[in-house]
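The next block holds one structure in the form of C-alpha cells; read it before the comments.
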Amino acid sequence: MTFKMIKTGTSHFRAMKISSMVLVLLIPLFLFTIAPIVGEKREIILAKLEQPIYALIVALTFTVGLLHFKSGVQVLIEDYVHGSMSKVWINITIALSYLLIGLTLFALTKILL
C-alpha cells in the first residue's frame, strides 16, 4: 500500500502565526514612533525618516504587514474563488504585495540617500 503526500498547509499556517507575532510588536512601535509625525510639515517628516531607526521601523512594518496580507488574502481566495480565476487572483495579489513592498523600500532608500 502506498500513501500520497497531501499538502497540509502547516508551513503556511506557521508563517501566518510568526508574521502575526512580529506584527504584534511592530504595530505599537510604528504607532508610537511614526504616527505622531503624521500631519507635520514635509521637512519634519523627512528629517525623522532620514534617521535609520525610523526608516527601519517603517520598512519592517510595511514588509511584514504586506507579506501577512498576501498570505491571508491567498487563503481567502483559495477558500472562496474556484476554477482558473483563483490562480489569476492569487497572482495579482502576490504581484501587488511585492510591488508595494518594493515601492516602500525604494521610497525609503530615496529619502535616506
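We did not get these values from a lab; they are worked out from the coordinates using the rules stated. Small disclaimer: the values here were computed from a predicted structure and weren't measured. We place every Cβ from the backbone using ideal geometry, glycine too, and count neighbours over all the protein chains shown.
The test for being out of contact with any Leu (no Cβ under 8 Å at 6 or more places or on another chain), closer than 30 Å to Gly9 by Cα and of a type in the set (Ser, Thr, Tyr) holds for Thr93. You will find that of Ile92, Ile111, the residue that is touching a helix residue (DSSP H, G or I) at 6+ places or on another chain (Cβ under 7 Å) and either loosely packed, with under 15 Cβ neighbours inside 10 Å or assigned to a helix (DSSP H, G or I) (or both) is Ile111 and no other. Cβ-Cβ contacts under 7 Å between residues 6 or more apart (or on different chains), taken from a first residue in region 74-97 that is closer than 19 Å to Met16 by Cβ to a second residue that is surrounded by 15 or more Cβ atoms within 10 Å (Cβ to Cβ) and among the small types (Gly, Ala, Ser), are listed as Ile77/Ser86; Glu78/Ser86.
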